[in-house]
1. Looking only at the range 296-307, count every residue that is surrounded by fewer than 18 Cβ atoms within 10 Å (Cβ to Cβ), touching a residue at least 12 places away in the same chain (Cβ under 8 Å) and not in a strand (DSSP E or B) and tell me the total.
2. Does Leu108 satisfy the condition of being within 20 Å of the chain's Cα centre (by Cα) and farther than 18 Å from Leu60 by Cβ?
3. Among the residues of the range 62-86, which ones are touching a Gly at 6+ places or on another chain (Cβ under 6 Å) and in a strand (DSSP E or B)?
4. Given Phe103, Phe95, which one is modelled with pLDDT of 95 or more, of a type in the set (Phe, Trp, Tyr) and not in a helix (DSSP H, G or I)?
5. Considering the range 98-123 alone, what residues qualify as being open to solvent by less than 10 Å² (accessible area, probe 1.4 Å) and in contact with an Asp or Glu (Cβ under 6 Å, 6 or more places away or on another chain)?
6. What pairs come out if I take residues in the range 158-184 that are in contact (Cβ under 8 Å) with a residue 40 or more places away in the chain and on the phi > 0 side of the Ramachandran plot and pair them with residues that are buried (at least 20 other Cβ atoms within 10 Å of the Cβ) and in a strand (DSSP E or B) whose C-beta lies under 9 Å away, six or more apart or interchain?
Amino acid sequence: MDHSTSPNVASPSPASTSSLIRAPLVPEPLLRQHTCFIVGDTRFRAAARLRQSVWREAELGLPAGLHRPGGNRNLPPIVLGSALQPTDAARGLNFISPVVHAFVRRTLVLREEGALVHYDRLHRNLLSSEALTYNLFAPLALNLDLATAVFRQLLPDFVDRVTAIRFETSPGRHDPRYLDDGTAFDAAVAVITPEGERATIFIEVKYGEGCTGAAATHRPRYDEASREAALHHNPDSPALRSTLLEQFWRLHLLAQLAVRHGVTPRAHLLALAPRLNRRVSAATSIYATQLIDRAGTSPAITGFSALTLEAFVSALAQAGGGAEAGYLWHRYLNLRPVLDLVLAEPPTPDRDPPPAGAPLALLPPRSSATPAGEAVPPTVITSSDKVGPAARQQRRPAAPATAPSSGVAEVRPVRRSKGKAPVSSPRTKARSSAPRHPTQEVR
């Protein structure tokens, strides 16, 4: 790794990566000071956005770029700390090294037919999980021995050797035998199993995303594929079709269909996200409970794993990729500089603290049948409204609700909108700065 502007940072240590138990809660004035305030950002996403802004300024010494709110060309652009200027983006400064930047350019020129690549987001958006995907796996694609050493640690029962890595790939984007909707994987790792069989690890990478927003437009093909795949306890479960889980559901079905149609003899779906992105962690945990055979013990069944980015970075460091691991940890996972900035702010006891962000699962009101000390199982709020493109790239999160200070949500009576399924709205007693309407996600 020889990026002329990359910091020389040490490999991550277990103590430094595990010291924070949650993302720092960043006050709005501090976000505005660093031109990082975006309405609708989750707690983790706001902290990650500020981290990218500080990294850009402190490590690269670069000015902030411009962003058009909601991608609307009719609105004037605003300065955004988590964006690069076009000239800096063209130099490949969103990537781990010039070698990886050259690899990205070649990959884009040779990308699959129908692959949707957000060029501006990939190159200018420092918060982009698309750029993160290349920073994670391009060094491995260029060094398959290193890739083998990493994936043997991550999935020892599934990987003996890595033979190739592909990006933004699908076995059949608009093929009616698959999902016929453009769904694709961030990456696919071709491997040889310990039994000597060919197999594929399909990968979904999350960074600041919160598994919120409108779900993909529902298609009858999803229901057919879900029943055919026989991966879930209840293939018709509304939870699988919820905003929280539906992308993992679609990707898992697509991986299983790849096995069924002979694209690969075996497959495993792997989700990667930061440990402190608790929304994604909750989503993958809930999705795993829907599966009959999560491990994929039968060769005919596609397994599912959710690992932290910290686990990947640790495996990379132990495999010999210390410089790459140091870059990834320092840039994406080390939120200590954000915490330091927050703690350096003068205390303002006369000002209300910022909202702490809402959990994915809202606890129902405590009833007389529930003892005060007894845990209440979470109730997942789901919606059958299916709006927006089905392609995996089209994900628009709604603005998060804010949890009440008591930790218990008061639920309004169910309301109905014309043409939509009933949706229950949580009412909070604590003041919240969350917007009343969904907002466009800034990636």
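The values are calculated or read from the model by the stated rules, or taken from the named source; none is laboratory data. Being a predicted model, the structure only gives us computed values, none of them experimental. Cβ atoms come from the backbone with ideal geometry, glycine included; neighbour counts cover every protein chain shown. With ligands, DNA and RNA removed, areas are computed over all heavy atoms of the protein, side chains included. Shrake-Rupley method; radii C 1.70, N 1.55, O 1.52, S 1.80 Å.
1. Within the range 296-307, the first condition is being surrounded by fewer than 18 Cβ atoms within 10 Å (Cβ to Cβ), and the residues that meet it are 297-300, 307.
Subsequent filtering for residues that are touching a residue at least 12 places away in the same chain (Cβ under 8 Å) retains 299-300, 307.
Now drop any that are not not in a strand (DSSP E or B), which leaves 299-300.
Counting residues in the range 296-307 that are surrounded by fewer than 18 Cβ atoms within 10 Å (Cβ to Cβ), touching a residue at least 12 places away in the same chain (Cβ under 8 Å) and not in a strand (DSSP E or B) gives 2.
2. Working: within 20 Å of the chain's Cα centre (by Cα): no; farther than 18 Å from Leu60 by Cβ: yes.
It is false that Leu108 is within 20 Å of the chain's Cα centre (by Cα) and farther than 18 Å from Leu60 by Cβ.
3. Here is the first cut: in the range 62-86, the ones touching a Gly at 6+ places or on another chain (Cβ under 6 Å) are 64, 83-85.
Within the range 62-86, just Ala83 meets the criteria.
4. Values: Phe103 fails: not in a helix (DSSP H, G or I).
On inspection, the qualifying residue turns out to be Phe95.
5. Leu122 - this is the single residue of the range 98-123 that is open to solvent by less than 10 Å² (accessible area, probe 1.4 Å) and in contact with an Asp or Glu (Cβ under 6 Å, 6 or more places away or on another chain).
6. Hits for this filter: Glu168/Phe185; Glu168/Asp186; Glu168/Ala187.
Yes/no per residue for (1) in contact with a Ser or Thr (Cβ under 8 Å, 6 or more places away or on another chain); (2) within 19 Å of Arg43 (Cα to Cα); (3) among the hydroxyl-bearing types (Ser, Thr, Tyr); (4) at pLDDT 95 or above:
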site: Ala267; (1), (2), (3), (4): yes, no, no, yes
site: Leu270; (1), (2), (3), (4): yes, no, no, yes
site: Ala282; (1), (2), (3), (4): no, yes, no, yes
site: Thr289; (1), (2), (3), (4): no, no, yes, yes
site: Asp293; (1), (2), (3), (4): no, no, no, yes
site: Ala306; (1), (2), (3), (4): yes, no, no, yes
site: Leu309; (1), (2), (3), (4): no, yes, no, yes
site: Phe312; (1), (2), (3), (4): no, no, no, yes
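Conditions tested, residue by residue: (1) of a type in the set (Phe, Trp, Tyr); (2) on the phi > 0 side of the Ramachandran plot.
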| residue | (1), (2) |
| --- | --- |
| Leu62 | no, no |
| Gln85 | no, no |
| Asp88 | no, no |
| Ala102 | no, no |
| Gly114 | no, yes |
| Asn125 | no, no |
| Phe151 | yes, no |
